[in-house]
Amino acid sequence: MPTLKLAPALNVSTWLNTNQRISLESLRGKVVLLEAFQMLCPGCVSHALPQAKRVRDLFSPDDIAVIGLHSVFEHHSAQGSEEALKAFLHEYRITFPVAIDAQSAQGGLPQTMSAYQMQGTPTTIVIDREGRLRKHKFGAEQDLTLGAEIMSLIGEKNLPLQTASIEKQDENCTDAGCQIPNH
């Protein structure tokens, strides 16, 4: 198995839909779905954000944290204001926390987008309970694929270490199965 790297920190300017700043460290113990988007990205609006909402609705908040990352790398004047993003989140009923990616001092890609080497939006990032980057996908992802990957990571917390062999319970059980005893 390849060595897994810790996910880069989120470098953001503002948080919306939450009263506190969120860090990946504060989310350790949960799987994190980070959905990078732009308001004017058709794939984000039609697929990625509705999918993130479904993930938040389907999985327990004890197991997963869903976060949006508004990473504007084009059309800054049309989608760069916090007020425009607030209106967008209200209109599309996005209630999970959303961070505004910090702009680069040099005017390049936003800082978190750059740290994750994203190709564009939407980008789906999945981080495991230990803070390790487990998925990084540009473009649309199938619901079943994402759901299975998330469930697999949620299940990792309960992986028992089984060292003892399974003993035969009674004479009605074999490796092929267990029969109901005759009465």
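The values are calculated or read from the model by the stated rules, or taken from the named source; none is laboratory data. Not measured: the values here are computed from a predicted model. Please note: Cβ atoms are built from the backbone with ideal geometry, for glycine as well, and neighbour counts cover all protein chains shown.
For region 12-40, the candidate set comprises residues that are touching a helix residue (DSSP H, G or I) at 6+ places or on another chain (Cβ under 8 Å), among the hydrophobic types (A, V, I, L, M, F, W, C) and not in a loop (DSSP other than H, G, I, E, B); within that set, the residue that is surrounded by the most Cβ atoms within 10 Å (Cβ to Cβ) is ALA36.
With a requirement of 1 or more residues that are acidic (Asp, Glu), farther than 17 Å from ASP143 by Cβ and at pLDDT 95 or above, the helices (runs of 4 or more DSSP H) lying completely within region 44-119 that satisfy it span 82-91. Filtering region 107-122 to residues that are touching a helix residue (DSSP H, G or I) at 6+ places or on another chain (Cβ under 8 Å) and among the hydroxyl-bearing types (Ser, Thr, Tyr) leaves only THR121. Name the pairs whose Cβ atoms lie under 8 Å apart, with the first residue in region 130-142 and within 14 Å of GLU156 (Cα to Cα), the second in a strand (DSSP E or B), and 6 or more positions between them or separate chains? Matching pairs, first to second residue: GLY131/LEU6; ARG132/LEU6; ARG134/VAL126; ARG134/ILE127.
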